[in-house]
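These notes concern the structure reproduced below.
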């Protein structure tokens, strides 16, 4: 029986589990929520140790990044990502995973063209467009300040 | 205790939205992360994200939207202190710790780590 790719995709969708979208989202919710809960536990610890809000936030991010880097180096974060999907991608740990996994993956291509350059495969666009957006907001904020 | 519950629920919800974007559109992970940071800057600029961080703590600040919020707050503070020059310094200054920590971890991991199957 011959089928076009569209027909085949349609058939897979019909035969496959109907709730895969719901299941994916539930996993993303659980894994992402758990990472954020861990972040909040760390943040409350740092606050209890006397850090101000800003410092506690910075320390929390850095701790999560280091944890993600360790799990990525051991090959464990990738396993979490199979189940967690966006739940492991969207938190800051996913950003760190993108940097660290590219750094390791491309080290065979050399320290500079491999690790050094490829580290920015995922981090680069995030930093570039995040910075651009902040510059645009800064300009608007400055102009509003002058006008007001 | 409620802050832990809200951190879980809000963080989970922001991640579930990301999963919907992955499943329903053909956006790649890099595009989703980029979109989240830009959205974070915009949501912070219109005054929505600050209160959400107050409310949900790490549930709002740990997802990459929070990174955008951090950059937006940084640029706002820098412009208030230094005027127009602040546009060029505020965003990356605020994001410096997260970016630097990631890069240092990446460099160390490349020294120590072996390549794993990424699938």
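Bear in mind that the values in this text are calculations on the coordinates, not laboratory data. As the structure is a prediction and not an experimental result, all values here were calculated from the model. Methodologically, a virtual Cβ is constructed for each residue, glycine included, from the backbone with ideal geometry; neighbour enumeration extends over all protein chains shown.
Conditions (1) more than 29 Å from residue A:146 (Cβ to Cβ); (2) free of Cβ contacts under 8 Å to residues at least 24 places away in the same chain; (3) more than 8 Å from chain A (Cβ to nearest Cβ); (4) not in a loop (DSSP other than H, G, I, E, B), marked per residue:
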position	(1), (2), (3), (4)
B:67	no, no, no, yes
B:71	no, no, no, yes
B:74	no, yes, no, yes
B:81	no, yes, yes, yes
B:84	no, yes, no, yes
B:89	no, yes, yes, yes
B:92	no, yes, no, yes
B:99	yes, yes, no, yes
B:104	yes, yes, yes, yes
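Okay, residues lined up against (1) over 17 Å from the mean Cα position of the chain (by Cα); (2) free of Cβ contacts under 8 Å to residues at least 24 places away in the same chain:
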position: A:68; (1), (2): no, no
position: A:106; (1), (2): yes, yes
position: A:129; (1), (2): no, yes
position: A:134; (1), (2): yes, yes
position: A:141; (1), (2): yes, yes
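Which count do you get for residues in the range A:76-93 that are at the interface with another protein chain (Cβ under 7 Å from one of its Cβ atoms) and in a helix (DSSP H, G or I)?
5
I'm told residue B:115 meets every condition in (1) facing chain A (nearest Cβ under 7 Å); (2) over 15 Å from the mean Cα position of the chain (by Cα); (3) under 20 Å from residue A:78 (Cβ atoms); (4) outside any loop (DSSP other than H, G, I, E, B) except one. Can you identify the failing condition by its number?
(4)
Mind checking which residues of the range B:34-65 are buried (at least 24 other Cβ atoms within 10 Å of the Cβ) and under 16 Å from residue A:129 (Cβ atoms)?
Across the range B:34-65, the qualifying residues are B:36, B:37, B:40, B:41, B:44, B:64, B:65.
With the checklist (1) touching a helix residue (DSSP H, G or I) at 6+ places or on another chain (Cβ under 8 Å); (2) over 23 Å from residue A:60 (Cβ atoms); (3) assigned to a helix (DSSP H, G or I) in hand, flag the one item residue B:3 doesn't pass.
Result: residue B:3 fails condition (2) only.
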